[in-house]
Amino acid sequence: MSGHHRHGRHRRLAAPLAAILAAVTVSTFTAAQARDSATQAPPPKDYPAVPLLSTGKTIVGETIAYPRTGPAHITAAIVTLAPGGRTVLHKHGAPLFAYILEGELTVDYGRHGKRTFRTGDTLMEAMAVPHFGVNTGTAPMRLIGVYMGAKGTRDVIPAK
């Protein structure tokens, strides 16, 4: 990868990352504070966290199953689709958590129907059900996807 592409990629990732970091309250500890806090009571349950998703099922009701092809391996990516852009028909070999950063995405799950996701929506994507997504909005759609896989597992598998 050329230096130009590598730096351009970092600039494209910097804005969403800065937005995420700005939304998170971070505390820094000295080594002594960390040692002291280890002997204190656990933090209260009202720490500043906003749950995004908690589920054991995919968007179409499949039970989430982690691949066992090798050691655990996490892959995160930002996916962008131009207005009218479409993904190929595909499935996933690993559980995929997605968060719509901006725009609108309509996913066709065949006999399981279509679902439209907009800025701020989250989902655990279908795994065994072939599907494709279309940007049905008027602006670019961007999502961050986190694949919870294993070495040797394909995250995206083209379907027929």
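The values are calculated or read from the model by the stated rules, or taken from the named source; none is laboratory data. Owing to the predicted nature of the structure, the values given are computational and were not obtained by experimental measurement. Don't worry about glycine lacking a Cβ; one is built from the backbone with ideal geometry, like all the others, and counts go over all protein chains shown.
Picking from residues in the range 71-116 that are assigned to a strand (DSSP E or B) and without any contact (Cβ under 8 Å) to a residue 24 or more places away in the chain, the one that is farthest from the chain's Cα centre (by Cα) is 114. Scanning the range 31-52 finds one or more residues that are surrounded by 10 or more Cβ atoms within 10 Å (Cβ to Cβ), at pLDDT 60 or above and aliphatic (A, V, I, L, M).
When the range 84-108 is filtered for residues that are under 21 Å from residue 54 (Cβ atoms) and not aliphatic (A, V, I, L, M), the ones remaining, listed by number, are 92, 95, 97, 99.
Can you tell me which residue is nearest to the chain's Cα centre (by Cα) among those in the range 117-149 that are part of a strand (DSSP E or B) and small (Gly, Ala, Ser)?
For the range 117-149, the residue satisfying everything is 145.
The number of residues in the range 137-149 being over 13 Å from residue 79 (Cβ atoms) and surrounded by fewer than 17 Cβ atoms within 10 Å (Cβ to Cβ) comes to 2. In the range 89-111, which residues are of a type in the set (A, V, I, L, M) and under 22 Å from residue 139 (Cβ atoms)? Across the range 89-111, the qualifying residues are 98, 100, 101, 105, 107.
When you scan the range 71-83, do you find a residue that is within 24 Å of residue 51 (Cβ to Cβ), surrounded by fewer than 17 Cβ atoms within 10 Å (Cβ to Cβ) and in contact with a helix residue (DSSP H, G or I) (Cβ under 8 Å, 6 or more places away or on another chain), even just one? Yes.
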